[in-house]
């Protein structure tokens, strides 16, 4: 079982690398758009941004492409089923399992559980929902230009939010982040204290002690 899970994990990593290669491919096409126009009589801006095309030119369905879409959605549904199953059972059975542990350990486990919940809610809103929307959009065969750029920009929010969730919920990480931030602010204050005082510098120096107390 462990071997199977490791193989699955490496497969997911391979998919990530594949996505990175797609970005390089996109950039290559963007740079050599003129060559595409000369050789293939194609304008890059007029080609569908998704390789998935649901309908043929005569309006019939392309079942192979549709099966790919259903496959992606099925994988996501399976993953969410696992998440919901584990989350529900952990929520109902965690109190009983943690009774034999110390109060600090119980508190840490509860913080980690909250972190897990937020770490799945955040990408669901900012990453997976826009992805499913874009994937399923091809079924409607719309002839309008939708502002999908907003949905694509939402993809970039998750990596930063993931780290912020851990630092906000887990007390130890929060304390460590505050200590690091406090050291940075103190260094800035000491640097300003040794510089020439103008109006802007005086205003910044006056606000720094209050910021240090807040930390």
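Could you list, ordered by first residue, the pairs with Cβ atoms under 6 Å in which the first is in region 76-92 and in the same structural domain as residue 121 (by TED's automatic domain parsing) and the second is surrounded by 10 or more Cβ atoms within 10 Å (Cβ to Cβ) and part of a helix (DSSP H, G or I), at least 6 apart or interchain?
These pairs meet every condition: 83/120.
Consider residue 66 against the criteria (1) assigned by TED's automatic domain parsing to the domain that holds residue 117; (2) at pLDDT below 75; (3) outside any loop (DSSP other than H, G, I, E, B): it satisfies all of them except one. Which criterion is unmet?
(2)
Out of contact with any strand residue (DSSP E or B) (no Cβ under 9 Å at 6 or more places or on another chain), surrounded by 14 or more Cβ atoms within 10 Å (Cβ to Cβ) and assigned to a helix (DSSP H, G or I): is that true of residue 88 in this structure?
Criteria not met by residue 88.
What residue, of 201, 138, 156, 122, is modelled with pLDDT under 70, surrounded by 12 or more Cβ atoms within 10 Å (Cβ to Cβ) and at negative phi?
After ruling out the rest, the residue left standing is 201.
Restricted to region 96-112, and to residues that are touching a helix residue (DSSP H, G or I) at 6+ places or on another chain (Cβ under 9 Å) and without any contact (Cβ under 8 Å) to a residue 24 or more places away in the chain, which residue is surrounded by the fewest Cβ atoms within 10 Å (Cβ to Cβ)? Steps first, answer last, please.
Restricting attention to region 96-112, the residues satisfying the condition of being touching a helix residue (DSSP H, G or I) at 6+ places or on another chain (Cβ under 9 Å) are 97-99, 101, 105-112.
Next, from what is left, pick out any that are without any contact (Cβ under 8 Å) to a residue 24 or more places away in the chain: 97-99, 101, 105-106, 109-110.
Working: 97: 11, 98: 16, 99: 8, 101: 12, 105: 11, 106: 16, 109: 15, 110: 14.
The extreme case among them is 99.
The values are calculated or read from the model by the stated rules, or taken from the named source; none is laboratory data. The shown structure was predicted, so the numbers you read here are calculated from the model rather than taken from an experiment. When we count neighbours, we look across all protein chains shown, and the Cβ atoms used for this are built from the backbone with ideal geometry, even at glycine.
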